[in-house]
Amino acid sequence: MKRETLLKRLAKQNISKCSIAYKMAIGLYTGEVIRPCYTSGSGRFTSNQDHTQELCTLLDKLNVKYTHGNDSARGGLCGNWVKIKTNIK
């Protein structure tokens, strides 16, 4: 799939351009592992931000093949990853 095709499909979707999943989908490359979870804040106000489901839903709408999983030791939230299988040029 060409990158231009992916961007055209992404433009047709009814999704906010400010969302994290949209920003992650813009920077897709073959073979990279995307980690859609991150930590926000500091001290006792720290919280985990998980955008795995949002990203997977967007990739399904774009017809992009992917795998997802968790590589943390005890299945923690920050171990989620998504790997793109579709060849994007």
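Every number in this text was worked out from the coordinates using simple rules, so none of it is lab data. Here the structure is a predicted model, which is why all the values come from computation and not from measurement. No Cβ is skipped: glycine too gets one built from the backbone with ideal geometry, and neighbour counts run over all protein chains shown.
Each Lys and Arg contributes +1 and each Asp and Glu -1, all at the Cβ; summed about the Cα centre of the range 3-84, the dipole is approximately 220 debye.
Each residue of the range 47-54 is assigned a 3J(HN,Hα), and the resulting list reads 9, 8, 10, 10, 10, 5, 5, 4 Hz, derived from the Karplus form 6.51 cos²θ - 1.76 cosθ + 1.60 (θ = phi - 60°), x at Gly and Pro. The relative contact order of the chain comes to 36 percent, based on Cα pairs under 8 Å that sit 6 or more residues apart. Here the calculated FRET efficiency for residue 87 and residue 45, from their Cβ-Cβ distance with R0 = 41 Å, stands at 0.50, rounded to the nearest 0.05. For the chain, the spread of Cα positions along the three principal axes, ordered from largest to smallest, is 43, 27, 17 Å.
Stretching residue 1 away from residue 78 to a fully extended chain increases their span by 24.8 nm, per 0.36 nm per residue minus the current alpha-carbon distance.
Straight-line cross-link partners of residue 83 among the aspartates and glutamates, defined as a Cα under 19 Å from its Cα and at least 8 positions apart when in the same chain: 32, 50, 54, 60, 71.
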